[in-house]
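A.B. asks: Got a structure for you, written out below as structure tokens; questions coming shortly.
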Amino acid sequence: MSTQPETLREIVDLIKREAEAVQNIPVSDSFIKAVDLIYQKVHIEGGKVIASGMGKAGQIAENIATTLSSTGTPAVFLHPSEAQ
């Protein structure tokens, strides 16, 4: 018994759902301004993105900083209590 066709179908379905999610990201003026600001401050002026948060928001901020760093945008996580 091979589950390969079922696994392949699940992978294709997952990729389709992910593509739909990306296509449904709302790109508003404020989103474009945020991207432009990050580009200017980080990639042109040599700064870093600082992501911060506590609890669940902190875990998400850590993931965001890690993802940005791994894709070429310098970023760090800073816990709010350590910033103080």
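The values are calculated or read from the model by the stated rules, or taken from the named source; none is laboratory data. Quick caveat, the model's predicted, so the values are computed rather than measured. Side chains are part of the model used for accessible areas, which takes the heavy atoms of the whole protein and leaves out ligands, DNA and RNA. Shrake-Rupley method; radii C 1.70, N 1.55, O 1.52, S 1.80 Å.
A.B. asks: Ignoring ligands, DNA and RNA, what percent of the 1.4 Å accessible area of the chain is carbon and sulfur? Write out the running numbers ahead of the final one.
C.D. replies: Working: 4090 of 6970 Å².
Heavy-atom surface of the chain belonging to carbon and sulfur, 1.4 Å probe: 59 percent.
A.B. asks: A follow-up question, please. Hey, in the GNM for the chain with a 10 angstrom Cα cutoff, which one of I44, I32, I11 fluctuates hardest?
C.D. replies: Maximum among the listed residues: I11.
A.B. asks: Taking only DSSP H segments of four or more residues, each worth -39500 (n - 2.57), what value at 222 nm results for the chain once the sum is divided by all its residues, to the nearest 500 deg cm²/dmol?
C.D. replies: About -18000 deg cm²/dmol.
A.B. asks: What does the accessible area per residue of the chain come to in Å², with a 1.4 Å probe and no ligands, DNA or RNA counted? Working shown, then result.
C.D. replies: Numbers: 6970 Å² over 84 residues.
I get 83 Å² per residue for this part.
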